[in-house]
Amino acid sequence: MISKYPDPPLTIAVIGGGVIGRTLATAWTRSGHGVTFGVRRPQDDDLLQFAAGIGANVTAIEPALTGTDTVLLAIAGDAMPEVVPQLAPQLAGKTVIDATNNVVSPVLNSIADLSALAPTARVYRAFNTVGWENFADPTYGDTIGDLLYSGPAGIGQQAVERLIGDTGLRPIHLGDNDKAHLADALTALWFTLAFEQGYGRGVGFKVLTR
Ligand SMILES: NC(=O)c1ccc[n+]([C@@H]2O[C@H](COP(=O)([O-])OP(=O)(O)OC[C@H]3O[C@@H](n4cnc5c(N)ncnc54)[C@H](OP(=O)(O)O)[C@@H]3O)[C@@H](O)[C@H]2O)c1
């Protein structure tokens, strides 16, 4: 499938080779973007095989960030306080998407650290609110799901909306990152519905309008 967005393809570093990184990388390579996984074990056979299957590359984290315009952070959330300061110099000038949920911290996102340590990066809070199943299949019967996200207006926003659209979901902008807590509240709502109220991991969100 070729992206419905006309711009040139993005070059994306997906930091983290787990389930969310793999799911989004699959949607993005399918849409024609260039994807490099940046991981701490670039020799991992399973990831190498997976990446080859979708047409992505695998390297260590630092080289993955070189020459890419867009970065998805998709590592364990509790590693972010340690990892963000290491990555920050290489995030300058890039569109950076924080999909991580630090469930052992009172704040799920790492937007404050990213914005402080990489002040020229365009930082977004996205892909954190629902389980990976919703990015693999964005349809709910006849309905297309929505993905609510935050971050600054401008070229970074265009890239993020394009990448959300490439999963099949409809992007809904909540505003700049002073609204990131709303995206995080949705994560909490998703966990409650999926695991406490029996809706399961495929539960998603839709904004209804008249
Ligand atoms: N799964 C979902 O449905 C979902 C949905 C939305 C958001 N998220 C968020 O996305 C993030 C990743 O979730 P996941 O489900 O993909 O997890 P996962 O399958 O467990 O993968 C975690 C990844 O993080 C890497 N990692 C852990 N600690 C690291 C460190 N100190 N430095 C570098 N890499 C490190 C792991 O590398 P190793 O293989 O080397 O350990 C692995 O590639 C989490 O923050 C999660 O909350 C997940």
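Kindly write out, for the stretch 161-171 in residue order, the coupling ³J(HN,Hα) from the Karplus curve 6.51 cos²θ - 1.76 cosθ + 1.60 (θ = phi - 60°), rounded to whole Hz, with x marking Gly and Pro.
Whole-Hz 3J(HN,Hα) from phi for the stretch 161-171: 5, 4, 5, 5, x, 5, 7, x, 7, 9, x.
Could you please put H181, H173 in sequence from largest to smallest accessible area, using a 1.4 Å probe?
If we order H181, H173 from most to least accessible, we get H181, H173.
³J(HN,Hα) across the stretch 78-94 via Karplus (A = 6.51, B = -1.76, C = 1.60, θ = phi - 60°), whole Hz, x for Gly/Pro?
Result, rounded to whole Hz: 6, 8, 4, x, 8, 7, 4, x, 5, 7, 3, x, 8, 8, 3, x, 9.
Taking the Cβ-Cβ separation of E133 and H181 as r and a Förster radius of 22 Å, what is the calculated FRET efficiency to the nearest 0.05?
The calculated FRET efficiency here is 0.35.
What distance in nm separates the simple spin-label points at F195 and V107, each placed 7 Å from Cα in the Cβ direction?
2.3
Evaluated at 37 °C with a viscosity of 0.692 mPa s, what Stokes-Einstein diffusion coefficient in µm²/s does the stretch 101-209 have when Rh comes from the Kirkwood expression over alpha-carbon pairs?
Calculated translational D: 228 µm²/s.
Please report, in debye to the nearest 20, how large the charge dipole of the chain is about its Cα centre when each Lys and Arg carries +1 at its beta carbon and each Asp and Glu carries -1 there.
380
Tell me which residues come under 5 Å, amide H to amide H, from F205 once H is placed; ignore anything under 5 positions away on its chain.
Residues meeting the criterion, in which the H sits 1.01 Å from N, are D146.
Report, by chain and number, residues whose modeled amide H sits under 5 Å from the one on F37, excluding near sequence neighbours (fewer than 5 apart, same chain).
Answer set, sorted by chain and number: V14, N57, V58, T59.
Please give, to one decimal in nm, the separation of the simple spin-label points placed at T209 and T59, each 7 Å out from Cα toward the Cβ.
4.0
Only bridges whose two residues both fall in the chain count here: according to DSSP, what percent of them are antiparallel, nearest 5?
In the chain, DSSP labels about 15 percent of beta bridges as antiparallel.
Compute the distribution of all C-alpha to C-alpha distances in the stretch 11-196, in bins of 5 Å from 0, and list the percent of pairs in each, rounded to whole numbers.
In whole percents, the pair-distance histogram is 1, 8, 18, 23, 22, 16, 8, 2, 0.
List, in order, the whole-Hz ³J(HN,Hα) value for each residue of the stretch 34-39 obtained from phi through the Karplus relation with A = 6.51, B = -1.76, C = 1.60 and θ = phi - 60°; use x for Gly and Pro.
Here the 3J(HN,Hα) series is x, 10, 10, 6, x, 9 Hz.
Search the structure for amide H atoms under 5 Å from the amide H of G175, placed 1.01 Å from N in the peptide plane, and list their residues when 5 or more places away or on another chain.
G151
The values are calculated or read from the model by the stated rules, or taken from the named source; none is laboratory data. Note that the structure is a prediction, hence the values are computed from the model and not measured. A quick note on method: Cβ atoms are made from the backbone with ideal geometry, for glycine too, and the neighbour counts reach across all protein chains shown. In case anyone asks, the SASA skips ligands and DNA or RNA and just uses the protein heavy atoms, side chains included. Shrake-Rupley method; radii C 1.70, N 1.55, O 1.52, S 1.80 Å.
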